[in-house]
1. Condition test on VAL394, is it within 24 Å of MET326 (Cα to Cα), of a type in the set (A, V, I, L, M) and either touching a residue at least 12 places away in the same chain (Cβ under 8 Å) or crowded, with 19+ Cβ neighbours inside 10 Å (or both)?
2. Within the stretch 185-200, can one find any residue that is among the basic types (Lys, Arg), part of a helix (DSSP H, G or I), within 19 Å of VAL51 (Cα to Cα) and touching a residue at least 40 places away in the same chain (Cβ under 8 Å)?
3. Of the residues in the stretch 101-124, how many are closer than 13 Å to GLY386 by Cα and hydrophobic (A, V, I, L, M, F, W, C)?
4. Suppose we keep only residues that are surrounded by fewer than 24 Cβ atoms within 10 Å (Cβ to Cβ) and part of a helix (DSSP H, G or I) within the stretch 240-262. Which one would you say is modelled with the lowest pLDDT?
5. Filter the helices (runs of 4 or more DSSP H) completely within the stretch 33-140 down to those with at least 3 residues that are within 30 Å of SER308 (Cα to Cα) and not acidic (Asp, Glu).
6. Contact list please: Cβ distance under 8 Å, first residue in the stretch 83-99 and within 17 Å of ALA420 (Cα to Cα), second residue of a type in the set (Phe, Trp, Tyr) and surrounded by fewer than 24 Cβ atoms within 10 Å (Cβ to Cβ), pairs at least six apart or on different chains.
7. Go through the stretch 366-403 and give me each residue that's modelled with pLDDT of 90 or more, touching a Pro at 6+ places or on another chain (Cβ under 9 Å) and over 14 Å from GLU118 (Cα atoms).
8. Go over the candidates GLY302, GLY306, GLY340 one by one and state the one that is more than 25 Å from ALA371 (Cβ to Cβ) and without any contact (Cβ under 8 Å) to a residue 60 or more places away in the chain.
Amino acid sequence: MPRSGLRVKSPDLLVAESGADREGHGLQRTIGPFQLVCFGIGAIVGTGIFVGLSDTVAEAGPAVIVSFLLAALTCVFTAFSFAELGGAIPVSGSSYSYAYATLGERAAFLVGWCLLLEYGVSVSAVSIGWGQYLNELLENTVGWHIPAALADAPGHGGVVNVPAVIVMLLAAALLVRGVRESARATAAMAVIKVGILVLFCAIAFTAYDAGNLSPFAPEGIGGIGAGASLAFFSFIGFDAISTAGEEVKNPRRNIPLAILITIGCVALLYCLVSVAALGAMPWEQVGGKPAALSLIVNHATGSAFGSSVIAVGAVVAIASVVLAVMYGQTRILMSMSRDGLVPGVFERISPKTSTPVANTWIVSLVFAVPAAVVPLDVVLDMTVIGTLAVMAVVNICVIALRRSRPGLPRRFRVPLYPVAPLLGVAFCLYLMYGLPLVTWLQFAVFLLAGALVYTLYGRRRSRLATGGEDGKDGEDGEDGDASEPVTPRARG
């Protein structure tokens, strides 16, 4: 029998437990392929390009284009892995569930713990960026801005970031109404923000000067690598598509398709934006500046009207990321709760809206705290290292699942296997290497805390270990081998 931390949960059991017809209280399959692609774009395009571009430029200079390509390449290899796993195991748990099916319960819990950084902490980072463009919009339209004390974190001239809290609460209010309404809102916002970025490129190219791209790499290879680590934040969120596995029509086909289309569209868009931005304005004047896209449009047009349009797009874009990423976090916690590894409140589904209402409000309130009082750069680095760690594990999961379940139906298979997933791991580790030492130390403490929580709470309450629904029927879970399919008990 496997040790408690090594017990795995078979893909068959994961899929069986995720059935949407569980006594009428399950999640409903209402998301089509177009909405799913829009959801993916909605989860990605936001703070990273509208706010984080200037920080990436400060590290890499005009070579930020290469930094974006490196980050995109990392995501492409990992996207292949997500596409295969999302089609083979179409459940809401995403990388947490994939780790549970391949690497064991302890690894799965730590992946879920790291997903608190990718989804929970990142939604805090995204919300912080929302306030910057909201202020830009207010100044350009009504000549008023939110006082710094209420728009910035302590240490950055403020006391509490009120706009960040407001956008999170608004997103939670929409999410609890129902996934259909949320998907429609996300699709509409995705179309708007892509249109705004295309408009930005059209305006910026009118002021294009090739001389602004020279010298191309003023900070050398080190600057490109550091820029790629920051640029990666701009791509975070594409894996949120896989968290919708239980609410997608024909998930085995549509999840892999949506992941690959989303990454391709976003990578192309980001490269166009970075070329247009740095061709229009010297990188020294862009690096480190807040609301950089608005600044560039003002420079190109000589008026504030264009920047007002960009600010509108940024406000919409970042709000849609908050919505999509918060959705992903609630579904991850729901899957962990279903397994008994976190409290049962996170898996309760409202029979009226078919959404995890309590889960959604808890997530919004808890992560509103760092959004209100923590500077953007702090939460950004922790989000990046946590996400890269998870993505490295997902690439390993593909290899492990190919070995343990070679006959499992897969609508998509990773090309150039096993080279592609191994390259995915290598690129993730390379980008992690570019992060500051203090971020590594913070991440190590975070992982130790997660291991402690699993040991004291999750290990003994695991439903896979106990064979029960309340986590109290067994002792140490030494008999928790789920290598064979098991019929799940119904839950109300």
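The values are calculated or read from the model by the stated rules, or taken from the named source; none is laboratory data. Everything quoted here is computed from the prediction, not taken from an experiment. So basically every Cβ, Gly included, is an ideal-geometry build from the backbone, and we count neighbours across all protein chains shown.
1. Against the criterion (within 24 Å of MET326 (Cα to Cα), of a type in the set (A, V, I, L, M) and either touching a residue at least 12 places away in the same chain (Cβ under 8 Å) or crowded, with 19+ Cβ neighbours inside 10 Å (or both)), VAL394 qualifies.
2. yes
3. Qualifying residue count for the region: 8.
4. ARG252
5. 33-44, 47-50, 53-60, 64-88
6. ALA83/PHE412; GLU84/PHE412
7. Those that are modelled with pLDDT of 90 or more, touching a Pro at 6+ places or on another chain (Cβ under 9 Å) and over 14 Å from GLU118 (Cα atoms): ASN395, ILE396, CYS397, VAL398, ILE399, LEU401, ARG402.
8. GLY302
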